[in-house]
Amino acid sequence: MLDWASTVDHKKIGILYMLTALVFFVIGGLEALAMRIQLSRPNNTFLGPETYNQLFTMHGTTMIFLVGMPLLIGLAIYLVPLMIGARDMAFPRLNAFGYWLIPFGGLLIYFSFFATGASTAGWFSYPPLSLRNYTLGNGPFGNVGGVDYWSIGLLIVGVGSVASAINLIATILLLRAPGMGFGRMPLFCWLIFVTAALILIAIPALNAALVMLFFDRRFGTAFFDPTGGGSPLLWQNFFWIFGHPEVYILILPAFAIISEVIPVFARKPIYGYEFVAGSGVSIGLFGLFVWAHHMFAAGLSQGVTIWFGAASMLIAVPTGVKIFNWIGTLWGGSLRFRTPLLFALAFILQFTVGGLSGIVFATIALDWQLTDTYFVVAHLHYVLFGGTVFAVFAGTYYWFPKFTGRMLSERLGRWHLWLAVIGLNATFFVQHMLGVMGMPRRVYTYGDFPGWALANGISTVGAVILGSSIVVFLWNMYVSLRHGDIAGDNPWDAWTLEWATTSPPQPENFDTVPPVLGRRPLYELTAQRESANRRQSVGRGQEIVL
Amino acid sequence: MLEPNWAAAAVVWQLTELQGLLPVFEPASPEARALSELLFWVSILCAAILLLVGVLIVDAVIRYRGREGDLDPPAKTASYKVEIAWTAAPVVLLAIIFGFTLRTMGLVNPDPPRNATPEVVIRGHQWWWEATYPASGVVTANEIHIPVGRMVLARIESADVVHDFWAANLARKIDMIPGRENFVWLQADTAGTYLGRCAEYCGTQHAHMHFLVIAQEDSTFAAWQASQLERPAAPSGTLATQGLAIFSEKACLSCHSFGGTGGNAAPDLTHLASRRTIAAATLTNTPANLARWLRNPGAIKPGATMPNFQLHDGEIAALVAYLSGLR
């Protein structure tokens with residue numbers, strides 16, 4: 001235990017991050033299930049409004065800040081040093097510090113449930129609703145409200161995220177193995193680099209706004225309080241200056257995973273390496289200038305609205321480039337249908353659904369009808385569950401052997417896959433319809449309007465199926481950890497450097513870092529050895545491995 | 001968890017018949033029709049793109065299935081022509097969509113003329129709607145009357161937190177932000193009653209924050225305004241007179257307004273009986289429902305700002321008799 005609590009090894013810290021995220025994922029998932037039960041039929045009384053409003057606030061907060069970010073940052077912290085042939089992160093102590101802020105920030109936010117009731121202001125916490133006139137606590141700790149715990153807890157989590165971003169950037173810039181120029185770096189590292197840069201730019205906007213919100217609540221300032229001359233719209237700007245890049249912080253690492261998995265299981269290098277990396281950079285850059293598309297209904301001037309609408313549409317272009325390059329990689333490959341590839345294929349399709357409904361929202365006039373309805377809930381869950389979470393599933397089946405030395409069960413993996421695909425679509429596809437049927441988001445109950453009961457019923461059944469897929473996934477990890485096949489160093493015959501060491505990797509990662517001769521170091525190394533030893537080269541890409 | 005007795009406080013929504021199956025696709029004004037048509041075509045386009053991606057993947061899955069032990073296929077370097085093509089094609093497609101959205105925006109949301117006075121001012125409150133007509137001085141709540149067949153300029157405000165005014169069959173959504181004046185054009189092709197709702201999360205009872213837009217022919221609309229400006233007849237009958245006494249005794253006017261006096265934290269009651277609903281279009285306005293509300297507002301809308309006055313049955317009956325006479 002002490003070993004884990006005091007560790008500065010990036011692999012252990014990465015595992016800690018991912019386990020923390022997994023615990024919060026289960027909690028956030030149970031919150032979602034409770035909400036779906038409440039919404040399973042009209043005029044239901046399973047949850048009251050206060051409880052429901054706390055749950056949707058905490059579900060959003062948990063999934064974004066305590067699941068999405070730590071999971072992806074943890075994966076990056078585990079893998080980046082291995083992929084670039086480094087012994088550890090650039091700043092190992094900062095690494096441990098950054099991690100420990102996450103569970104403590106998370107615990108502080110969750111403590112509010114017991115202290116005063118969690119925040120009911122939503123994960124977006126718009127003032128004036130999030131100001132003390134509307135969300136003041138009356139628990140055993142006086143008038144401290146859920147929003148107070150929420151803002152301080154998130155500030156702590158936010159500082160941790162910034163620390164890890166600085167660390168990842170420094171690591172990628174400084175610790176690459178000899179021979180690994182930026183042009184040879186795995187795409188995973190490229191896209192993590194962009195993600196880290198976005199964290200560094202976006203999170204401080206949130207941190208600053210959280211401090212202002214806390215001051216408004218506790219010390220009588222009026223940054224956001226209209227009765228004191230403040231502007232509620234100012235918070236919305238701050239929040240989305242953080243909040244939209246946040247979406248890319250959560251999806252670029254998913255792209256990173258997919259860009260590693262697909263080539264290995266198609267048995268051919270990624271199609272258009274430069275374009276996958278370049279489109280990642282442009283998504284990062286554009287992503288900084290689209291935040292006001294979350295505010296199209298706020299009555300901003302036409303000029304501002306049009307500018308942000310155009311910028312938002314433009315993001316679809318580099319995203320499309322990625323999807324086409326992944327498909328280009330599949331084409332002409334020799335596809336091995338193991339679970340990581342299956343999840344990667346499911347990712348492409350499901351993420352495309354979310355990307356296309358994103359175009360609907362960038363079409364400003366349509367946003368005016370559909371924003372704040374269940375259409376948004378459908379859109380964001382296709383992006384974050386069908387996108388990010390499916391990519392993480394693909395990545396888990398791919399790297400679990402490296403993390404633990406044992407393979408995950410393919411049979412359970414297939415059960416997991418199909419339950420997840422059916423569950424996701426049953427839960428969220430009908431929610432597009434609910435949006436068009438006029439159902440607003442964040443309502444704890446609804447009347448028996450035409451069609452609403454059926455669609456919500458389907459959605460709830462879907463959520464239960466989706467939940468069961470997670471149970472299969474957890475069971476798979478549990479049994480495979482004990483009885484899974486022994487993985488060996490490189491069970492997938494993959495090409496990046498993390499597969500050149502033992503599974504799990506030794507504390508110092510490598511005895512000697514292999515020379516990096518190209519974008520697929522292990523492939524090129526084999527090729528070089530073959531041609532030196534046997535002089536039997538049949539041509540680039542067609543060596544016979546005996 | 002934190003609301004142990006909540007289940008006893010269930011209310012079944014009424015007036016659900018006022019809404020069609022697909023309000024967004026059931027436009028009743030030129031503005032909503034433009035939005036609906038754009039959504040239809042963009043949806044078709046998105047479905048086509050999804051189909052294309054699906055077909056490409058399924059095709060790859062069928063054609064390029066490999067077996068363990070197969071040789072790795074030859075590596076391919078990306079073709080710049082292909083990359084440029086699949087960058088440029090979406091740009092063209094998006095530019096076309098964007099052109100159409102600009103056109104629709106112009107139809108739905110033209111800037112109002114400078115210094116235009118709004119015909120109606122709609123103000124969001126936790127959890128009800130206040131409507132005032134600056135030209136005539138009419139004040140009402142949770143019912144917005146408009147004349148049919150022309151664009152009506154509405155100013156949109158909030159008294160407390162952020163709300164959003166959404167009448168899906170008639171107009172775009174527009175946020176109500178405290179300290180800020182927004183506007184929206186309302187229009188209805190034909191006379192009728194349309195259901196609208198708050199679309200921005202605004203606290204405990206966001207779910208029960210609906211309103212009606214009642215579109216009327218010019219003459220009916222004028223008659224409605226005239227009737228709203230008259231003071232209602234004095235209560236007739238002992239029960240109603242008793243009700244008026246309780247109304248004063250309980251200081252209802254510290255929150256509600258009546259005939260231009262009183263508070264502004266709760267709906268105007270001058271012509272309460274002329275309205276179709278109570279509690280922001282949660283219940284139909286019948287004596288039985290009024291009695292339910294007065295007995296315990298929190299049982300209909302938990303967290304509602306109106307307190308439970310612990311009225312006994314006699315008081316409730318008297319108040320209902322009085323309020324039902326406010327035509």
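The values are calculated or read from the model by the stated rules, or taken from the named source; none is laboratory data. Being a predicted model, the structure only gives us computed values, none of them experimental. Note: ideal-geometry Cβ built from the backbone for every residue, glycine included; neighbour counts use all protein chains shown. Accessible surface is based on the protein model in full, side chains and every heavy atom, while ligands, DNA and RNA are left aside. Shrake-Rupley method; radii C 1.70, N 1.55, O 1.52, S 1.80 Å.
Just a few scattered comments:
- Condition met for B:Val61 (at pLDDT 95 or above, under 30 Å from A:Arg267 (Cβ atoms) and open to solvent by less than 50 Å² (accessible area, probe 1.4 Å)): yes
- Filtering the stretch A:466-518 to residues that are aromatic (Phe, Trp, Tyr) and touching a helix residue (DSSP H, G or I) at 6+ places or on another chain (Cβ under 9 Å) leaves A:Phe473, A:Trp475, A:Trp492, A:Trp495, A:Trp499, A:Phe510.
- Summed over the stretch A:358-379, residues that are open to solvent by 10 Å² or more (accessible area, probe 1.4 Å), at the interface with another protein chain (Cβ under 8 Å from one of its Cβ atoms) and not in a loop (DSSP other than H, G, I, E, B) total 1.
- Residues in the stretch A:479-502 that are farther than 22 Å from A:Leu175 by Cβ and not in a loop (DSSP other than H, G, I, E, B): A:Val479, A:Ser480, A:Leu481, A:Arg482, A:His483, A:Ile486.
- Residues of the stretch A:418-462 that are in contact with a Leu (Cβ under 7 Å, 6 or more places away or on another chain), open to solvent by less than 10 Å² (accessible area, probe 1.4 Å) and away from chain B (no Cβ under 14 Å): A:Ala420, A:Gly423, A:Leu424, A:Thr427.
- Matching residues, the stretch B:172-212, being surrounded by fewer than 24 Cβ atoms within 10 Å (Cβ to Cβ), of a type in the set (Asp, Glu) and without any contact (Cβ under 8 Å) to a residue 60 or more places away in the chain: B:Glu181
- Residue check, A:Leu335 touching a strand residue (DSSP E or B) at 6+ places or on another chain (Cβ under 7 Å), modelled with pLDDT of 95 or more and under 28 Å from B:Ser79 (Cβ atoms): yes
- Condition broken by B:Glu31, with the remaining ones in (1) more than 8 Å from every other protein chain (Cβ to nearest Cβ); (2) free of Cβ contacts under 8 Å to residues at least 40 places away in the same chain; (3) open to solvent by less than 40 Å² (accessible area, probe 1.4 Å) satisfied: (2)
- Any hit, the stretch B:8-22, residues being touching a helix residue (DSSP H, G or I) at 6+ places or on another chain (Cβ under 7 Å), facing chain A (nearest Cβ under 9 Å), of a type outside the set (S, T, N, Q) and more than 30 Å from A:Ser301 (Cα to Cα): yes
- Residue among A:Val80, A:Val8, A:Val67 that is surrounded by fewer than 21 Cβ atoms within 10 Å (Cβ to Cβ) and over 15 Å from A:Gly146 (Cβ atoms): A:Val8
- Complete set of residues in the stretch A:44-73 that are of a type in the set (Val, Ile, Thr), over 13 Å from A:Phe124 (Cα atoms) and assigned to a helix (DSSP H, G or I): A:Thr51, A:Val67, A:Ile73
- All positions within the stretch A:241-260 that are within 14 Å of another protein chain (Cβ to nearest Cβ) and either in contact with an Asp or Glu (Cβ under 9 Å, 6 or more places away or on another chain) or hydroxyl-bearing (Ser, Thr, Tyr) (or both): A:Ser259
- If you check A:Ala266, A:Ala205, A:Ala222 for being closer than 25 Å to A:Leu66 by Cβ and open to solvent by less than 40 Å² (accessible area, probe 1.4 Å), only one passes: A:Ala205.
- Filtered by the rule that a residue be open to solvent by less than 10 Å² (accessible area, probe 1.4 Å) and either outside any helix (DSSP H, G or I) or aliphatic (A, V, I, L, M) (or both), the stretch A:86-117 gives A:Ala86, A:Met89, A:Ile102, A:Ile109, A:Ala115, A:Gly117.
- Residue match in the stretch A:320-341 (condition: closer than 28 Å to A:Ala463 by Cβ, more than 10 Å from chain B (Cβ to nearest Cβ) and surrounded by fewer than 23 Cβ atoms within 10 Å (Cβ to Cβ)): no
- The listed residue being closer than 18 Å to B:Thr132 by Cα, small (Gly, Ala, Ser) and not assigned by the TED database to the domain that holds B:Thr132, out of B:Ala288, B:Ala299, B:Ala266, B:Ala245: B:Ala266
- Test result for B:Pro235, part of a loop (DSSP other than H, G, I, E, B) and open to solvent by less than 30 Å² (accessible area, probe 1.4 Å): no
- Residue in the stretch A:143-166 that is open to solvent by less than 50 Å² (accessible area, probe 1.4 Å), under 17 Å from the mean Cα position of the chain (by Cα) and within 30 Å of A:Thr512 (Cα to Cα) present: yes
- Residues of the stretch B:176-197 satisfying the condition of being in a strand (DSSP E or B) and more than 7 Å from chain A (Cβ to nearest Cβ): B:Met176, B:Phe183, B:Val184, B:Trp185, B:Leu186, B:Gly192, B:Thr193, B:Tyr194, B:Leu195, B:Gly196
- Cβ pairs under 9 Å, 6+ apart, first in the stretch A:272-293 and open to solvent by 40 Å² or more (accessible area, probe 1.4 Å), second not in a helix (DSSP H, G or I): A:Glu274/A:Gly183; A:Glu274/B:Ala78; A:Phe275/B:Ala78
- Residue among A:Phe351, A:Phe308, A:Phe324 that is aromatic (Phe, Trp, Tyr), in contact (Cβ under 8 Å) with a residue 60 or more places away in the chain and outside any loop (DSSP other than H, G, I, E, B): A:Phe351
- Residues being outside any loop (DSSP other than H, G, I, E, B), more than 7 Å from chain A (Cβ to nearest Cβ), at pLDDT 90 or above and over 37 Å from the mean Cα position of the chain (by Cα) are entirely absent from the stretch B:98-105.
- Any hit, the stretch B:73-94, residues being open to solvent by 50 Å² or more (accessible area, probe 1.4 Å), facing chain A (nearest Cβ under 7 Å) and over 30 Å from A:Trp492 (Cα atoms): yes
- Within the stretch A:228-262, the residues that satisfy the criterion of being touching a residue at least 12 places away in the same chain (Cβ under 8 Å) and open to solvent by 10 Å² or more (accessible area, probe 1.4 Å) are A:Gly230, A:Leu233, A:Asn237, A:Phe238, A:Trp240, A:Ile241, A:His244, A:Val247, A:Tyr248, A:Glu260.
- Look at (1) buried (at least 18 other Cβ atoms within 10 Å of the Cβ); (2) not in a loop (DSSP other than H, G, I, E, B) and you find that A:Gly137 fails only one, number (2).
- There is at least one residue in the stretch A:261-281 that is in the same structural domain as A:Ala365 (by TED's automatic domain parsing), more than 25 Å from B:Leu52 (Cβ to Cβ) and in contact with a helix residue (DSSP H, G or I) (Cβ under 8 Å, 6 or more places away or on another chain).
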